Amino acid sequence: MPHPPVRRREIFGWACFDFANSAYTTVIVTVVFSIYFVEVVNEGRPGGYGLWSAMLAVSQGVVILVSPALGALADVTARKKRFLAVSAAACCVATSLLWFAGPGTVALAFALVVAANIAFSLGENFCASFLPELSTPANAGKISALGWGFGYCGGLLSLVLALVLVKTLPETGARASFLMTGVFFALAALPTFLLLRERAVPQAGAALHAVRAAFRRLGETFHEVRRHRELAWFFVAFFFFISGLSAVFAFAAIVASRQFGFAQEEVIGLFAALQVAATVGALGFGWLQDRWGARPVLVLSLLGWVAVSVAVAVVEGKPAFWAIGCLAGLVMGSTQSASRALVSMLTPPGRAGEIFGFWGLFGKMAAVLGPLAYGAVAEAASLATASLVNGAFFVLGLSIFLAMPRRG
């Protein structure tokens, strides 16, 4: 039975999930809560960088264990949309509860961030696994870029709301922004669940059979990836450059605050501007990708990240960091968009959930290594040294990507 045609409103609904969940990764992981944890929850004591990177690493470690099997299970049972809804709800609840994180509540903050980050990461995988059903090789770059562009718009709006809260509520503004983020995510994701269709057909009649089939297909997918040399090489390259990108997400606001002396309101304003640059990068490079191909776009993006890493380590002053941040925003959008589109184009038919589960697996392994390495170097040496070391991840990922065999 043929699948129903993809309508524009369905693509819009899919992109709305990127709009919604970007509030979490922007406000919690990158901009507001990262600084709040180091300076307020941990009360500025030594070890804050290590604790922050550890909670992100623990959450991604859990995702590493479950994401491939859950992706396969979602395919077999044709319930990707249901899995997406559950993960979104869990992230919204855990994020909202960060309202109760105050000075000295390290254990509570640790538990809530781990729970929210697990749910966020799983949802990211389930959302991405819809892309092959909604796109063709000719427009995958454009649709993927649309999602990332929506995402950066969502991140920008959430930062504006956070800035308003911080300015109007000096005592509780930061905590109120965490509650706002959970509500924002829940409301903004509603179009996804109203408009996005589940096109897959169940392949098992009972849950137990579905689980067994999921694990069997998991092994098959591993061998499938090994047979597709280009896909296997890309996953290795992806692991290294996303290690660097994960560290940037985790520590960018901390670097702005601690290394360059930005106040909290200045940090939020800076990252609001970066969201605009990232939106331009995702949409502009997506347009270029459909004309040039994904390879040159990704190479250009990774060269940009090498330049950013070195610059953060050697420059001084707020104006210089503003310039570096704008460059980072441009290449951030193009790196993520091109990577997701490449995986979509390389995915064998009927394996979208599993292949994107592996995409998530490599991304989550990177999200363990990158922040842990950055945090360890920052504790042992300095944030500037950590940035320079982090640049090596982009160099290594770029080198492997350039050596990747071409299809056909």
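Bear in mind that the values in this text are calculations on the coordinates, not laboratory data. The shown structure was predicted, so the numbers you read here are calculated from the model rather than taken from an experiment. All Cβ positions, glycine included, derive from the backbone under ideal geometry; neighbour counts span all protein chains shown.
Over the chain, DSSP H runs of length four or greater, each weighted -39,500 (n - 2.57), average out per residue to a 222 nm ellipticity of -27000 deg cm²/dmol.
Residue order for LYS167, LYS364, fewest other beta carbons within 10 angstrom first, comes to LYS167, LYS364. Here the dipole of the chain is about 1260 debye; that uses its Cα centre as origin and unit charges on the Cβ of Lys and Arg (positive) and Asp and Glu (negative).
In order along region 163-176, phi translates into HN-Hα couplings of 4, 4, 5, 5, 6, 8, 10, x, 7, 10, x, 5, 5, 5 Hz, rounded to whole numbers, per the Karplus curve 6.51 cos²θ - 1.76 cosθ + 1.60 with θ = phi - 60° and x for Gly and Pro.
Exposure proxy shown here: for THR136, THR25, the number of other Cβ atoms within 10 Å sets the order, fewest to most, as THR136, THR25.
Put in line by how crowded their Cβ is, counting other Cβ atoms within 10 Å and starting with the fewest, TYR36, TYR49 read TYR36, TYR49.
Please give the Cα centre distance for region 32-81 versus region 375-408, rounded to the nearest Å. Answer, in whole Å: 21.
Taking the average, over residues, of other Cβ atoms within 10 Å as the packing measure, peptides 8-18, 367-377 rank 367-377, 8-18 from highest down.
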